[in-house]
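J.: Take a look at this one; I'll ask things after.
The values are calculated or read from the model by the stated rules, or taken from the named source; none is laboratory data. This one's a predicted model, so the numbers in the text were calculated from it and none came from an experiment. With ideal geometry, Cβ positions are generated from the backbone for all residues, glycine too; neighbour counts draw on all protein chains shown. With ligands, DNA and RNA removed, areas are computed over all heavy atoms of the protein, side chains included. Shrake-Rupley method; radii C 1.70, N 1.55, O 1.52, S 1.80 Å.
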Amino acid sequence: MAQRLRVRYAKRGRLRFTSHRDISRAVERAVRRADIPVAFSAGFSPHPRISYAGAAPTGVASEAEYLEIAVTRPCRPQELRAALDASLPPGLDVLDVVEARAGSLADRLEGSLWEVRLPGADPAAAEGAVKEFMTAGEVAVERLTKKGMRNFDARGAVASLVSLTADQDDHVEGGPNQSCVILRMVVRHETPAVRPDDVLMGLRLVADFAPPSPPSVTRLAQGPLDASTGEPADPLEADRVGGDQ
Amino acid sequence: MSVESLFPRLEALLPKVQKPIQYVGGELNSTVKDWDEATVRWALMYPDAYEVGLPNQGVQILYEILNELPETLAERTYAVWPDLERLMRAEGVPQFTVDAHRPVRAFDVLGLSFSTELGYTNMLTALDLAGIPLSAADRGPDDPIVLAGGHAAFNPEPIADFVDAAVLGDGEQIAIAISEVIREWKAEGEPGGRDGVLLRLAETGGVYVPRFYDVEYLPDGRIKRVVPNRSGVPSRVFKHTVMDLDEWPYPKKPLVPLAETVHERFSVEIFRGCTRGCRFCQAGMITRPVRERSITTIGAMVDNGIRESGFSEVGLLSLSSADHSEIGEVAKGLADRYEGSNVSLSLPSTRVDAFNIDLANEFSRNGRRSGLTFAPEGGSERMRKVINKMVSEEDLIRTVTTAYSQGWRQVKLYFMCGLPTEEDVDVLGIADLARKVIQAGREATGSRDVRCTVSIGGFVPKPHTPFQWAAQADHETVDRRLRELRNTLRNDKQYGKAIGMRYHDGKPSIVEGLLSRGDRRVGKIIRAVWEDGGRFDGWSEHFSYDRWMTCAAKALDGEPVDVDWYTVREREEHEVLPWDHLDAGLDREWLWQDWQDAVNDVEVEDCRWTPCYDCGVCPTMGTEIQIGPTGRKLLPLTVVS
Ligand code: B12
Ligand code: SF4
């Protein structure tokens with residue numbers, strides 16, 4: 001294998017409804033359309049060597065998804081970025097490509113920064129619920145998983161959680177001139193994984209806080225947690241160091 | 001008047017439904033045109049779930065062709081699953097297109113593609129969700145023209161109350177022509193309103209407007225006659241045939257969905273039509289004559305399709321792909337071109353001969369040699385004569401022996417049950433054949449590691465075929481024969497374990513039969529079933545035979561006819577059939593003669609290789625057989641780096 005490339009891409013707008021499988025099919029086809037010399041696994045039914053790290057759930061938008069492609073001959077990261085982006089449907093947008101150096105990308109993804117927009121929610125109630133949640137030592141929630149109902153703590157993984165208020169953006173139902181609460185949270189990647197909807201469930205449990213309309217969730221970043229800012233840093237930085245982009 | 005996107009309202013519902021991605025559109029190569037810049041706007045619907053409907057070639061072709069017209073735009077809509085339907089009703093969100101999420105009712109035309117009759121109830125859901133009155137007679141100036149096409153539209157009588165118009169045959173040219181008629185009518189200020197434009201369409205002789213025809217019945221329930229009820233409307237409506245497929249190399253920009261669908265490949269139709277003359281096959285009868293795409297066009301379409309879509313699998317479609325005059329060259333040329341490239345080729349062919357295996361070998365060069373499929377269709381020699389499937393037992397055994405000895409381990413055989421004149425022995429003949437196949441396979445390979453699966457479908461007599469007069473077998477008979485066959489195979493100590501059997505029970509075929517050969521009175525049943533909650537009739541988990549029968553009994557109460565009358569009753573020669581005024585080009589006398597020949601075990605040849613036997617199509621439609629060979633070859637593609 002000649003080279004491994006690490007790709008940061010976004011999942012935006014209506015394409016946030018793609019599942020992980022949908023994305024991997026789309027990427028495989030885009031790679032073919034873009035004539036990228038992807039490496040194939042050996043064996044009876046060879047498949048392209050593309051691996052995904054920490055994909056956001058179906059229905060959640062993201063500005064920071066990562067995948068790694070193995071190619072059979074060296075590619076210039078910027079050319080690959082352009083070609084892959086042009087071949088993916090709009091809404092799956094390639095943001096950054098670097099050549100992989102040492103280490104595992106997945107290991108660098110220690111936590112995520114999430115933004116949760118809650119149109120029509122009451123800012124004061126949100127504020128109160130956040131305070132309640134953050135002071136609790138543990139908040140047990142349950143979620144239906146493939147293996148049935150699971151019980152776990154939603155509090156421990158949450159490194160930070162704040163609530164802000166913004167003007168309603170006018171395409172969301174409920175119309176303009178309505179408040180929109182925005183939650184920003186940094187959640188550490190632990191097992192079992194705690195997702196923003198688990199935190200929302202936690203807010204409901206601790207303070208009976210239930211937003212009036214479905215939340216819209218976006219992952220803004222994921223990467224190594226920076227001790228000074230408390231937020232995820234760029235996980236591709238380590239690959240960029242000393243590299244000629 | 002601009003039309004707002006329904007997406008924000010739909011978006012709020014999507015987190016609550018299964019597989020929301022199917023409703024968001026945004027497929028690669030999809031098109032969103034400016035609403036206000038178009039004069040004629042089409043919503044195209046495949047009335048089944050997105051995962052089945054999206055890959056449909058008919059819709060993709062029309063979508064692309066219509067969007068190429070400067071003043072026309074086309075978007076797509078599919079059947080929504082019951083979970084979303086419930087939410088849409090609760091929130092008042094109407095049926096939407098997936099391209100720009102515009103309300104279907106805002107379009108000028110709602111074009112439905114019916115490759116099967118089982119989509120009828122889904123059409124009613126869509127109309128109702130769209131806010132379009134179910135009965136064509138109740139529609140006003142703000143409602144689209146509801147237009148049916150696809151194979152089932154060759155007998156649109158059961159849905160005559162619900163559609164404004166229907167088109168028979170190839171859609172490429174007629175869709176453009178319809179768009180033009182509507183554009184002119186609009187430019188002139190819509191003279192005559194809705195009826196005005198429908199009349200213009202009907203007068204062409206190429207668009208059927210059911211409302212312009214009255215059906216009169218005899219006291220015993222048979223049809224007396226079908227006559228136009230206004231002047232200018234022709235007494236017969238003709239099908240459409242595209243004559244030079246090389247000039248219509250669509251789809252050029254295949255739609256590539258994000259959601260998973262039933263058919264994840266790029267398909268090229270290598271020819272249309274089939275004149276093998278299988279008497280049960282409606283597709284073969286209504287798509288005559290054979291029109292091939294040339295080897296060079298096929299090569300160019302495959303190359304373009306892979307580049308445009310990124311699909312790794314290519315299918316060469318047609319009704320009998322191995323019959324293309326240059327299929328050997330096509331297979332070799334493509335296999336050479338894509339050798340070692342991870343592009344795999346498939347040829348859905350079921351022809352029973354050694355040549356077919358050569359082709360399969362060529363196509364499996366890049367991949368696995370899993371299973372081969374052959375379609376003898378009838379279990380006994382006599383049965384195969386009746387249906388005009390000219391395959392002898394010897395041919396079949398010779399062919400499978402070759403297949404097994406060349407490394408294929410699994411052979412699948414397609415059959416039908418419930419064919420005209422069929423008796424128990426004909427169906428049990430399937431077991432004999434399967435045993436002989438395994439025996440031959442074991443001898444040829446010296447191994448016990450050979451398998452055969454028999455797959456059996458229920459036969460449904462279809463309009464415009466020689467069997468249109470035939471009595472459909474009742475489901476008890478079909479089920480009993482299949483049970484006996486299954487027991488025979490199960491009890492076979494020597495071969496039974498190597499033989500698999502796949503089949504369905506006979507009840508759905510009765511409903512399909514009712515819808516296939518029904519007349520306008522059947523529309524009441526469809527409506528009653530839909531009102532009772534009937535949806536997605538092509539899906540066994542949603543289909544309810546009992547609901548259909550209960551609703552039929554109620555809807556036909558007081559009529560001299562019932563479900564049996566439509567299905568298991570044999571028709572006599574001069575009975576007026578509901579679709580007699582719709583012309584597929586087939587000469588009625590020829591069809592009747594072919595039906596008589598069937599009953600007498602007389603076979604008919606293929607007109608590609610023997611003289612024309614006057615089925616009527618070519619002179620009626622002004623068409624002719626278009627086949628190669630062209631003598632050309634596929635050259636290697638120059639590598640673009
Ligand atoms: C690929 C294929 C499939 C695929 C993909 C289906 C899909 N989503 O498209 C799969 C495997 C899923 C499939 C399933 C079935 N199939 Co199938 N399939 C085919 C096949 C091989 C090709 C179809 C095709 O793409 N044709 C090419 C396109 C361009 O033709 P078209 O769709 O008819 O469209 C043209 C015209 O009809 C017209 N038109 C169509 N719609 C409209 C609408 C308007 C408004 C207008 C103006 C014109 C118009 O314009 C188009 C361009 O000329 C055909 C055989 C064949 N070669 O045709 C069988 C065939 C269509 N299938 C058939 C059957 C029976 C089925 C099943 C019911 C099988 C089953 N028992 O489950 C299911 C039904 C699935 C469903 N619920 O819809 C039969 C139909 C029988 C008949 N009435 O003649 C066929 C003809 C095979 C046969 N010989 O029996 N099928
Ligand atoms: S008219 Fe003759 S040549 Fe044409 S399809 Fe019929 S039999 Fe074949």
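J.: With +1 on each Lys and Arg Cβ and -1 on each Asp and Glu Cβ, how big is the dipole of the range A:1-128 about its Cα centre, in debye rounded to the nearest 20?
T.: With only Lys, Arg, Asp and Glu charged at Cβ, the dipole is about 580 debye.
J.: Counting only heavy atoms of the protein chains, get the accessible area per residue of chain B (1.4 Å probe) and round it to a whole Å² value.
T.: On the way: 24150 Å² over 641 residues.
Accessible area per residue, chain B: 38 Å².
J.: If you split all Cα-Cα distances of the protein assembly as shown into 10 Å bins from zero, what percentages do you get per bin, shortest first?
T.: 2, 11, 18, 22, 20, 14, 9, 3, 0, 0
J.: By per-residue mean of other Cβ atoms within 10 Å, what is the highest-first order of B:211-219, B:151-159, B:394-402?
T.: Numbers: B:211-219: 15.1, B:151-159: 25.0, B:394-402: 18.2.
Ranking the peptides B:211-219, B:151-159, B:394-402 by packing returns B:151-159, B:394-402, B:211-219.
J.: How crowded by other chains is B:15-22, given as the mean number of beta carbons from other chains within 10 Å of each beta carbon? Intermediate results must be reported in sequence, preceding the final value.
T.: Details: counts 10, 2, 1, 0, 4, 7, 11, 2.
Partner Cβ neighbours, averaged per residue: 5.
J.: Other chains near B:302-313: what is the mean number of their Cβ atoms within 10 Å of each residue's Cβ? Provide the component values of the computation, followed by the final result.
T.: Numbers: counts 0, 0, 0, 0, 3, 3, 1, 3, 13, 4, 5, 0.
Per residue, the number of nearby Cβ atoms from other chains is 3 on average.
J.: With no solvent and one equal point scatterer placed on each C-alpha of the range B:143-244, evaluate the Debye formula and give log10 I(q)/I(0) for q = 0.19, 0.21, 0.22, 0.25 Å⁻¹, two decimals.
T.: Log10 I(q)/I(0), no solvent term: -0.97, -1.15, -1.24, -1.48.
J.: Under 5 Å between amide hydrogens, which residues at least 5 positions from residue B:352 or on another chain qualify, with H placed 1.01 Å from N in the peptide plane?
T.: The list, which skips near neighbours in sequence, is B:375.
J.: Whole-Hz Karplus ³J(HN,Hα) for the range A:30-47, in order, using 6.51 cos²θ - 1.76 cosθ + 1.60 and θ = phi - 60°, x for Gly and Pro?
T.: Calculated HN-Hα couplings, in order: 5, 4, 5, 4, 7, 6, 7, x, 5, 7, 10, 5, 7, x, 5, 10, x, 10 Hz.
J.: Using +1 on the beta carbon of Lys and Arg, -1 on that of Asp and Glu, and nothing else charged, what's the dipole of the range B:456-517 about the Cα centre, debye to 20?
T.: Working: 11 positive and 7 negative charges, 54 e Å.
With only Lys, Arg, Asp and Glu charged at Cβ, the dipole is about 260 debye.
J.: Quick one: net charge around residue B:475, please, counting Lys, Arg +1 and Asp, Glu -1 for every other residue with C-beta under 13 Å from its C-beta.
T.: Details: positive: B:480, B:481, B:483, B:507; negative: B:474, B:476, B:479, B:505, B:512, B:546, B:564.
With Lys, Arg at +1 and Asp, Glu at -1, the net is -3.
J.: Work out from phi, with θ = phi - 60° and the Karplus expression 6.51 cos²θ - 1.76 cosθ + 1.60, the ³J(HN,Hα) of each residue of the range B:470-487, listed in order in whole Hz, and give x for Gly and Pro.
T.: So the J values, rounded to whole Hz, are 6, 7, 6, 5, 6, 5, 5, 4, 4, 4, 5, 5, 5, 5, 5, 4, 4, 5.
J.: Got a sec? Charge dipole of the range A:29-122, +1 on Cβ for Lys and Arg, -1 for Asp and Glu; which of A:112, A:58, A:75 is way out at the positive end?
T.: A:75
J.: Quick check: pseudo-label points 7 Å beyond the Cα along Cα→Cβ at residue A:107 and residue A:162, how many nm apart are they?
T.: The modelled label-to-label distance comes out at 3.2 nm.
J.: Sticking with this one: When you have a sec, figure out the Kirkwood radius of chain A from all distinct Cα pair distances and drop it here in Å to one decimal? Could the numbers behind the result be given before it?
T.: On the way: mean 1/r = 0.0514 Å⁻¹.
Value: 19.4 Å, from the Cα pair sum.
J.: Using a Förster radius of 35 Å, what is the FRET efficiency between residue B:609 and residue B:443 based on their Cβ-Cβ separation? Nearest 0.05, please. Don't skip to the end; give the middle numbers.
T.: Details: r = 33 Å, r/R0 = 0.94.
Between residue B:609 and residue B:443 the formula returns 0.60.
J.: Taking 20 °C and 1.002 mPa s as the conditions, I'd like the Stokes-Einstein D for the range B:7-234 in µm²/s, using the Kirkwood hydrodynamic radius from alpha carbon pairs. Walk me through the intermediate numbers first.
T.: Details: Rh = 18.1 Å.
In µm²/s, the coefficient rounds to 119.
J.: Just to be sure I follow: if Rg is taken over the C-alpha atoms of the range A:3-107 and Rh is the Kirkwood radius over the same atoms, what is Rg/Rh?
T.: Rounded to two decimals, Rg over Rh is 0.94.
J.: State, to one decimal in nm, how far the label point of residue A:44 lies from the label point of residue B:16, with both points 7 Å from Cα in the Cβ direction.
T.: Computed distance between label sites residue A:44 and residue B:16 equals 4.5 nm.
J.: Let me ask something else. For residue B:214 and residue B:486, compute 0.36 nm times the residue count separating them, minus their Cα-Cα distance, and round to one decimal in nm. Display every interim value, and only then the final one.
T.: Values: separation 272, 0.36 × 272 = 97.92 nm, distance 4.78 nm.
Difference between extended and current length: 93.1 nm.
J.: Roughly how crowded by other chains is peptide B:258-264, in terms of the mean Cβ count from those chains within 10 Å of each of its Cβ atoms?
T.: Details: counts 14, 6, 4, 0, 0, 0, 2.
Going residue by residue through B:258-264 and averaging, the value is 4.
J.: Also, quick follow-up: State, as an integer percentage, the relative contact order of chain B based on alpha-carbon contacts under 8 Å between residues 6 or more apart. Before the final figure, lay out the partial values.
T.: On the way: 1237 pairs, mean separation 91.6, N = 641.
Relative contact order here is 14 percent.
J.: So what is the orientation-averaged projected area of chain B, using the convex hull of its C-alpha atoms, in nm²?
T.: Working: hull surface 115.8 nm².
Over every viewing direction, the Cα hull of chain B projects on average to 29.0 nm².
J.: Calculate for chain B the 222 nm mean residue ellipticity that helices alone would give, adding -39,500 (n - 2.57) per DSSP H run of length 4 or more and normalising by residue count, nearest 500 deg cm²/dmol. Before the final figure, lay out the partial values.
T.: Values: 21 runs with 220 residues, N = 641.
That comes out to -10000 deg cm²/dmol.
J.: Compute accessible area for the range A:17-32 by itself and then with all protein chains, 1.4 Å probe, and report residues whose area falls by 50 Å² or more.
T.: Output list: A:17, A:25, A:29, A:32.
J.: While we're on this one: Determine the gain in length on full extension of the stretch residue B:262-residue B:532; use 0.36 nm per residue of separation and subtract their C-alpha separation, reporting nm with one decimal.
T.: Details: separation 270, 0.36 × 270 = 97.20 nm, distance 2.85 nm.
Result for the pair: 94.4 nm of gain on full extension.
J.: In nanometres, what is the gap between the two model label sites at residue B:632 and residue B:307, each 7 Å from Cα along Cα-to-Cβ?
T.: Spacing of the two 7 Å Cα→Cβ label points: 1.6 nm.
J.: Counting DSSP beta bridges in the protein assembly as shown, what percent are antiparallel, to the nearest 5? Before the final figure, lay out each step's value.
T.: Numbers: 64 of 114 bridges.
Bridges in the protein assembly as shown that DSSP calls antiparallel: roughly 55 percent.
J.: Would you mind checking the pairs B:389/B:493; B:253/B:389; A:147/B:412; A:11/B:19 and listing those with alpha carbons more than 26 angstrom apart? Before the final figure, lay out each step's value.
T.: Details: B:389/B:493 31 Å; B:253/B:389 37 Å; A:147/B:412 37 Å; A:11/B:19 16 Å.
From B:389/B:493; B:253/B:389; A:147/B:412; A:11/B:19, over 26 Å: B:389/B:493; B:253/B:389; A:147/B:412.
J.: Here's something else I'd like to know. Assuming R0 = 22 Å, can you tell me the calculated FRET efficiency for the pair residue B:247 and residue B:625, based on Cβ-Cβ distance, to the nearest 0.05?
T.: Details: r = 17 Å, r/R0 = 0.78.
After rounding to 0.05, the efficiency reads 0.80.
J.: Out of the total accessible area of the range A:109-223 (probe 1.4 Å, heavy atoms of protein only), what percent is carbon and sulfur? Working shown, then result.
T.: On the way: 2850 of 5710 Å².
Carbon and sulfur atoms account for 50 percent of the accessible area of the range A:109-223.
J.: Same structure, new question: Using the Karplus curve 6.51 cos²θ - 1.76 cosθ + 1.60 with θ = phi - 60°, work out ³J(HN,Hα) for each residue of the range B:380-391 in order, rounded to whole Hz, and write x for Gly and Pro.
T.: The phi angles translate into 10, 4, 5, 4, 5, 5, 4, 8, 6, 9, 7, 10 Hz.
J.: Another one. Nearest 0.05, what FRET efficiency do residue B:354 and residue B:590 give at R0 = 45 Å with Cβ-Cβ as r? Don't jump to the answer; show the numbers that get you there.
T.: Working: r = 33 Å, r/R0 = 0.72.
Calculated transfer efficiency: 0.90.
J.: Rg to Rh for the range A:72-119: what is it, with Cα atoms only and Rh by Kirkwood?
T.: Working: Rg = 14.9 Å, Rh = 13.7 Å.
My calculation of the ratio gives 1.09.
J.: Please give the residues of the range B:381-411, grouped as numeric ranges, whose backbone N is less than 13 Å from a label point set 7 Å along the Cα-to-Cβ vector of residue B:432.
T.: B:381-384, B:393-394
J.: List the accessible area buried at the contact between A and B, summed over both sides and calculated with a 1.4 Å probe, in Å² to the nearest 100. Show your work: numbers first, answer last.
T.: Numbers: alone 12720 and 25250 Å², together 35710 Å².
Chains A and B together bury approximately 2300 Å².
J.: A further question on this structure: What does the charge add up to near residue B:534, with Lys and Arg as +1, Asp and Glu as -1, over the other residues with Cβ less than 12 Å from its Cβ?
T.: Details: positive: B:527, B:535, B:547; negative: B:531, B:532, B:537, B:546.
Net of charged neighbours comes to -1.
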